[in-house]
1. Go through region 40-55 and give me each residue that's over 21 Å from residue 108 (Cα atoms) and crowded, with 20+ Cβ neighbours inside 10 Å.
2. Is one or more of the residues making up region 50-59 assigned to a loop (DSSP other than H, G, I, E, B), over 25 Å from residue 10 (Cβ atoms) and more than 10 Å from the chain's Cα centre (by Cα)?
3. Can you name the residue in region 1-15 that is surrounded by fewer than 10 Cβ atoms within 10 Å (Cβ to Cβ) and assigned to a helix (DSSP H, G or I) and is also modelled with the lowest pLDDT among such residues?
4. Quick check on residue 20: is it part of a loop (DSSP other than H, G, I, E, B), touching a helix residue (DSSP H, G or I) at 6+ places or on another chain (Cβ under 6 Å) and either modelled with pLDDT of 95 or more or more than 25 Å from residue 142 (Cβ to Cβ) (or both)?
């Protein structure tokens, strides 16, 4: 794995010298990514069960259907990722930036979200049942059709006129 990530970092700085990491469906369980530059990573349906990300940058990555079951992501950047239908069940997301991310249909069931940024993110149809959420920035985000968010959670978050909120009947 170290060699693949080293080549990926080289590719990010000089594409002719390195190689973009392609980890489709790869089992990356219990890995530790601290300060790792994983921008534009190709890892759809990869498994990051119980992996740890601290100050990692996954911006622009392809993570559709990836499994982050009980993963820990702290102070990490996931700007403009495609993580449609990704599974964050039981994950801890602390001060992560998902601005512009495509997360439609993702599951955050029983996840813990602390001060995460979801500005202009597509969260349509996401599962937020039993999520523990403290604050967060949802300006411009699409929360239409989401399940499980409470009125209190929405009230604690930052929203604006461009935020598409779930229908009142969907809020607990």
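The values are calculated or read from the model by the stated rules, or taken from the named source; none is laboratory data. What you see is a predicted model; the values in this text were computed from it and never measured. When we count neighbours, we look across all protein chains shown, and the Cβ atoms used for this are built from the backbone with ideal geometry, even at glycine.
1. Within region 40-55, 41 is the sole residue that qualifies.
2. yes
3. So the residue we want is 2.
4. It is true that residue 20 is part of a loop (DSSP other than H, G, I, E, B), touching a helix residue (DSSP H, G or I) at 6+ places or on another chain (Cβ under 6 Å) and either modelled with pLDDT of 95 or more or more than 25 Å from residue 142 (Cβ to Cβ) (or both).
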